[in-house]
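This report concerns only the one structure given below.
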Amino acid sequence: MDKVTKLASQKAVVIFSKSSCCMSHTIKRLFYEQGVSPSVHELDEDSRGKEMEFALSKLLGCSPAVPAVFIGGKFVGSANTVMTLHLNGTLKKLLKEAGAIWL
């Protein structure tokens, strides 16, 4: 849990992902297209990935645990929430406030 919390606060946008997850791919692409350079942690490629996935499941109370998006060190949501924020225009505001984009 400590590792997840620490990683989530190290950059303006942090995404916990799995390289084989299509929703993770979609969310990463969304951020790249917004001009954001997120810190991406591929849980299936990390030696402590299973442990972090379990911690995310407990912390977030959801399954699957990825993609899990943190903006400004705070958990924003998974794919559905992030896409909703994007569609209603709130995501850009959050990204600006966190210093992830300047436009």
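Readers should treat all values here as calculations from the given coordinates under stated rules, not as data from a laboratory. These numbers were taken from a predicted model, which means no experiment stands behind them. Don't worry about glycine lacking a Cβ; one is built from the backbone with ideal geometry, like all the others, and counts go over all protein chains shown.
Here are the numbers:
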{"item": "Count - residues of segment 1-41 that are in a strand (DSSP E or B) and farther than 20 Å from Ser63 by Cβ", "result": "3"}
{"item": "Among the candidates Gly35, Gly77, Gly72, residue that is surrounded by 17 or more Cβ atoms within 10 Å (Cβ to Cβ), touching a residue at least 60 places away in the same chain (Cβ under 8 Å) and on the phi > 0 side of the Ramachandran plot", "result": "Gly72"}
{"item": "Which numbered condition Ser63 fails, given (1) outside any helix (DSSP H, G or I); (2) surrounded by 12 or more Cβ atoms within 10 Å (Cβ to Cβ)", "result": "(2)"}
{"item": "Residues being surrounded by 15 or more Cβ atoms within 10 Å (Cβ to Cβ) and either assigned to a loop (DSSP other than H, G, I, E, B) or in contact with a strand residue (DSSP E or B) (Cβ under 9 Å, 6 or more places away or on another chain) (or both) - total across segment 47-60", "result": "6"}
{"item": "Output for segment 1-32, where each listed residue is small (Gly, Ala, Ser), free of Cβ contacts under 8 Å to residues at least 60 places away in the same chain and surrounded by fewer than 20 Cβ atoms within 10 Å (Cβ to Cβ)", "result": "Ser19, Ser20"}
